[in-house]
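Engineer: Quick one: the structure is below, questions incoming.
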Amino acid sequence: MNNVIETHDVWRVYRTGQQEVAALRGVSLCVTRGRFVALKGRSGSGKTTLLNCVGGLDQPTHGTVQVLGQELTGWDDERLTTWRREQVGFVFQSFGLITTLSVYENVELMARLRRLSATERHQRTVECLERVGLDKWHNHRPDELSGGQQQRVAIARALANNAPLMLADEPTGELDSTTGSEILKLFRQIVDEEGVTLLMVSHDKLVEDYADEVLHLQDGQIIGFGG
């Protein structure tokens, strides 16, 4: 199975009072294994809605979404939650770390949710923190770290469940350009060395230097390709 993500004629329509707003309008795309694909476009273009449909955080109004060979449309919340826990790693703009837990505990929690043994959890947590360059920061808490370091913890957490797919929503949005470039370089290395498939929403101009392909969205439609 070479195609990790396939969407066919995906629409997402929201109702606001008496009006309907189409966030996605017939989006079809295919992302093959081991690729770094970026979604770009202005605010309101449908990027995050598309990402959420791929990650099972939202359901399309019409069309189909296949991820890792499975059709997600119509799944209930419990099935989607289990699937996300095992198959997808998420990275968000706001980091989403638990401030009362240490760096190690934040990452280890995802391995715990995957129900790995204690030995496996420890090994995987250490590996992931080494991968993002934070192997000496295990006992620190998120508020003791810089924004770039916190995002590295979030990336390590997304890797901890050995998921083949990573979804990132504006992961450099709260970082300065130098730190943002370092984070994008880290994503590039993870894709190349871990074989992870990455779909990223980004406004960052620098993403074009690192992604294999850039999809440009406007008014809920893909209007161009680059990369």
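The values are calculated or read from the model by the stated rules, or taken from the named source; none is laboratory data. Please read these numbers as outputs of a predicted model, since none were measured by experiment. When we count neighbours, we look across all protein chains shown, and the Cβ atoms used for this are built from the backbone with ideal geometry, even at glycine.
Engineer: Going through the range 179-197 one residue at a time, which ones are surrounded by fewer than 22 Cβ atoms within 10 Å (Cβ to Cβ) and not in a helix (DSSP H, G or I)?
Structural biologist: Residue satisfying the conditions is GLY195 alone.
Engineer: Then there's this: What number of residues in the range 50-59 are over 11 Å from the mean Cα position of the chain (by Cα), surrounded by fewer than 24 Cβ atoms within 10 Å (Cβ to Cβ) and not charged (D, E, K, R)?
Structural biologist: Residues in the range 50-59 being over 11 Å from the mean Cα position of the chain (by Cα), surrounded by fewer than 24 Cβ atoms within 10 Å (Cβ to Cβ) and not charged (D, E, K, R): 3 in total.
Engineer: Given VAL191, VAL214, which one is at pLDDT 95 or above, under 22 Å from SER45 (Cα atoms) and of a type in the set (Val, Ile, Thr)?
Structural biologist: After ruling out the rest, the residue left standing is VAL214.
Engineer: When you check ASP219 against the structure, is it touching a Ser or Thr at 6+ places or on another chain (Cβ under 8 Å), under 30 Å from THR7 (Cα atoms) and either touching a residue at least 24 places away in the same chain (Cβ under 8 Å) or acidic (Asp, Glu) (or both), yes or no?
Structural biologist: yes
Engineer: Among residues belonging to the range 174-188 that are over 15 Å from the mean Cα position of the chain (by Cα) and of a type outside the set (Ser, Thr, Tyr), point out the one that is modelled with the lowest pLDDT.
Structural biologist: Filtering first and then ranking leaves GLU174.
Engineer: Another question, if that's okay. Give me the residue from the range 198-224 that is over 17 Å from the mean Cα position of the chain (by Cα) and in a loop (DSSP other than H, G, I, E, B) and, out of that set, farthest from PHE36 (Cα to Cα).
Structural biologist: That would be ASP219.
Engineer: A further question follows. Within the range 1-29, how many residues are farther than 16 Å from GLY55 by Cβ, at pLDDT 95 or above and within 21 Å of the chain's Cα centre (by Cα)?
Structural biologist: 3
Engineer: Still on this structure, I have one more. So how many residues does the range 1-48 have that are charged (D, E, K, R), surrounded by fewer than 14 Cβ atoms within 10 Å (Cβ to Cβ) and part of a loop (DSSP other than H, G, I, E, B)?
Structural biologist: Result for the range 1-48: 1.
Engineer: Looking at ASP169, ASP143, which is the one that is charged (D, E, K, R) and under 15 Å from the mean Cα position of the chain (by Cα)?
Structural biologist: The conditions single out ASP169.
Engineer: Inside the range 63-173, counting only helices (runs of 4 or more DSSP H) that do not spill past its ends, which hold 1 or more residues that are crowded, with 21+ Cβ neighbours inside 10 Å and touching a residue at least 40 places away in the same chain (Cβ under 8 Å)?
Structural biologist: Filter on the range 63-173 gives 103-113, 147-159.
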